[in-house]
Ligand SMILES: [Zn+2]
C-alpha cells in the first residue's frame, strides 16, 4: 500500500476470516522492521488483532503451521525494488524506517494527497471522497491538485455514480473552498510534520502564504509550538520547486485563502505607537486594566502629560492633567471616545 507521502506500508493479504462482525482479508504489517522482528513470512498462519476502527494488525506467527519451504520476507526484493502502483524506483527513508516511492507523480500518492487536501480538517471539500478521487485520477481527469479546480460539471456528470446534481454541487464546493481559511490550505498541502494545530499557528503568525514561503527557519522556529524539525520541514517544503509550482498553479486557479481574523493586538490599530496618559476614575477599567488594554493596542502609557502625549483619557474626578493637556493641545478622550476609537467592547466592571 502506498501512502500520501509515498511511504510503502506492507499489508498482509489473508485468507478471509470472519472476526468481530466483519470479514477480514488484510492486516497491516506496519513496516519492514516489524516484519523482521516478528519474522512474518509468505504462507504463514498468523494471529491477528482488531482494535476499534483501526485496520487489523498481525500480532504473531503460529510457528507450528509454518510451511517447510518458507524464507524470511524481504520487502524491497518482493517488490522488485519498484513501487507496486507506478513501478517507479523506491528507496529507504531512514527517518521513517520505511521504503518510499520516489515518483512524485505516482497515482497512489496523488490520490492520498488529494484525499488529505479535501479532508474535513483541511480544505473541507464536500462530496470529494476516496471513491471519486480514485475515478478522477484513474480516468486521467485529475493529474494534480490544480486539475480539481478546472473540472466542469459535464466532465463530472460523465463519471460513474455521479448525477448532474451532485456534479454541480461538487463544482460549487470546489469554488467555495478557494477562500477557505489559510490554515486549512497549509494543513491540506501536506507539509511533513505540519498538522492542523501547527498550520493554525503558522497562519496566525504569518497571515499569508507568501510570507510563510519567504520566512527564514529562525522566523519559523520563533512561532509557538514550531520546533526545529518542523521549521526545517517547512523551509524544505517551500524550497522544493515542485511544491512552488503547485502553489503558483493553485493561486492562478483562483485559490485565495482567508487570513485569520485580526485580534486585539493589531499592528495597524489607531493607538499603535501613540503615547497615552490616563487620569480620573474610569467606569469599565481599573487603572491596571486600562494600562494593559492600551499596551495590547500598541500604545505607550505614561504618567504625566507632555508635548509627546497623543491622547489623554479622562475619567471621573480628573486632576490638573486636563488643564495641562488643553494648554499643550493634546487630544482629550472620554472613556466612551476611547472605546469607540479602539473599537473595544467595554469589559466587565473592574474588581
Ligand atoms: Zn509509486
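Every number here is computed from the coordinates shown, using simple stated rules; none is lab data. These numbers come from a predicted model, not from an experiment. Cβ: placed from backbone, ideal geometry, glycine included. Neighbour counts: every protein chain shown.
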(request) Can you tell me the 0 to 90 degree angle between the C-alpha axis of helix 228-239 and the longest principal axis of the chain, rounded to 10? (result) 80 degrees
(request) Specify the angular offset, from 0 to 90 degrees and rounded to the nearest 10, of the alpha carbon long axis of helix 287-296 from the longest principal axis of the alpha carbons in the chain. (result) 50 degrees
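Which of 321, 291, 308 comes first, and how do the rest follow, when ranked by fewest Cβ neighbours within 10 Å? Intermediate values should be presented prior to the final figure.
Numbers: 321 20, 291 15, 308 10.
Lowest count first: 308, 291, 321.
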(request) Quote to one decimal, in nm, the extra length available between residue 59 and residue 179 on full extension: 0.36 nm per residue of separation minus the C-alpha distance between them. (result) 38.6 nm
(request) Run the quick spin-label model on residue 241 and residue 93: label points 7 Å from Cα toward the beta carbon, then report their separation in nm to one decimal. (result) 2.1 nm
(message) Calculate the FRET efficiency for residue 14 and residue 272 from the Cβ-Cβ distance with a Förster distance of 56 Å, rounded to the nearest 0.05.
(response) 0.30
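Using the number of other C-beta atoms within 10 angstrom as an exposure proxy, rank 241, 335 with the fewest first. Write out the running numbers ahead of the final one.
Details: 241 7, 335 20.
Ascending number of Cβ neighbours within 10 Å: 241, 335.
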(message) Taking only the Cα atoms of region 275-342, how large is their convex hull per residue, in Å³?
(response) 73 Å³
(message) Quick check: residue separation of residue 218 and residue 258 times 0.36 nm, minus the Cα distance between them. What number comes out in nm?
(response) 11.9 nm
(message) Can I get the semi-axes of the chain's equivalent ellipsoid? Compute them from the C-alpha gyration tensor as square roots of 5 times the eigenvalues, in angstrom, largest first.
(response) 59, 25, 19
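Which percent, nearest 5, of DSSP beta bridges in the chain are antiparallel?
DSSP beta bridges in the chain are roughly 60 percent antiparallel.
Eigenvalues of the Cα gyration tensor times 5, then square-rooted: what semi-axes does that give for region 7-101, in whole angstrom, largest first?
Details: eigenvalues 110, 57, 30 Å².
Each semi-axis is √(5λ); the values are 23, 17, 12 Å.
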(message) Please check: in the Gaussian network model of the chain (C-alpha springs, under 10 Å), which one of 19, 209, 185 has the largest mean-square fluctuation.
(response) 19
(message) Just to be sure I understand: with springs between alpha-carbon atoms less than 10 Å apart, which residue in 310, 39, 236 has the highest mean-square fluctuation in the Gaussian network model of the chain?
(response) 310
(message) Quick check: the distance between the Cα centres of region 38-114 and region 207-226, to the nearest angstrom?
(response) 36 Å
(request) Between the alpha-carbon centers of region 117-160 and region 286-340, tell me the distance in whole angstrom. (result) 58 Å
(request) Any chance you could give the angle, 0 to 90 degrees and rounded to 10, that helix 107-118 forms with the longest Cα principal axis of the chain? (result) 30 degrees
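With 10 angstrom as the radius, rank 34, 77 by how many other C-beta atoms surround their C-beta, starting from the fewest. Don't skip to the answer; put the middle values down first.
Working: 34 15, 77 8.
In increasing order of surrounding Cβ atoms, one gets 77, 34.
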